[in-house]
Amino acid sequence: MNKNLQFALEELKNLETGEIFVVRDLWKGYEWNRIPRPDRLLIGRLFYDTVIQQSPNLVKVLGKTPAKQQKYEKI
């Protein structure tokens, strides 16, 4: 699981300031869909915890989408 979290954090470099995203946007669609659902949920929780605790000046936490996915904004 650590490799998926690390991948997501590394992908933040590819986003521009002000871009709004959900965690699944950091993967290509087919790659994200190949990750088992329980693992995807865990990635989301770990990503949220990591950006809140370690990177509050890199990513801003926004509200949730209608599909209950957490939205973020790169700062």
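Bear in mind that the values in this text are calculations on the coordinates, not laboratory data. Given the structure is predicted, the values throughout are model-derived calculations rather than measurements. Positions of Cβ are generated from backbone atoms using ideal geometry, with glycine treated the same way; all protein chains shown enter the neighbour counts.
With Cβ to Cβ distances under 13 Å as the rule, what net charge do the other residues near Gly44 carry (K, R +1; D, E -1)?
Working: positive: Arg24, Arg37, Arg40, Arg45, Lys64, Lys68, Lys71; negative: Asp25, Asp39, Asp49.
Residues close to Gly44 contribute a combined charge of +4.
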*Volume per residue, Å³, of the convex hull around the alpha-carbon atoms of the chain?*
87 Å³
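Net charge within 12 Å of Lys3 by Cβ-Cβ distance, Lys/Arg positive one each and Asp/Glu negative one each, not counting Lys3 itself?
Overall, the nearby charge balance is -2.
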*Which is the longest run of the chain containing none of the GluC sites (Glu not before Pro) found in DSSP loop states (not H, G, I, E, B) with at most 14 other C-beta atoms within 10 Å?*
20-75
_With at most 13 neighbouring Cβ atoms within 10 Å, loop trypsin sites (Lys or Arg not before Pro) (DSSP) excluded, longest segment of the chain_ = 29-67
*Tell me what the chain gives for mean residue ellipticity at 222 nm when only DSSP H runs of n ≥ 4 count, each as -39,500 (n - 2.57), the sum divided by the residue total, rounded to 500 deg cm²/dmol.*
-13500 deg cm²/dmol
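Under a Cβ-only charge scheme (Lys and Arg +1, Asp and Glu -1), can you give me the dipole magnitude of region 2-74 about the Cα centre, in debye to the nearest 20?
300 debye
Net charge near Glu73, counting Lys/Arg +1 and Asp/Glu -1 over other residues with Cβ under 14 Å of its Cβ?
Net local charge, Glu73 excluded: +1.
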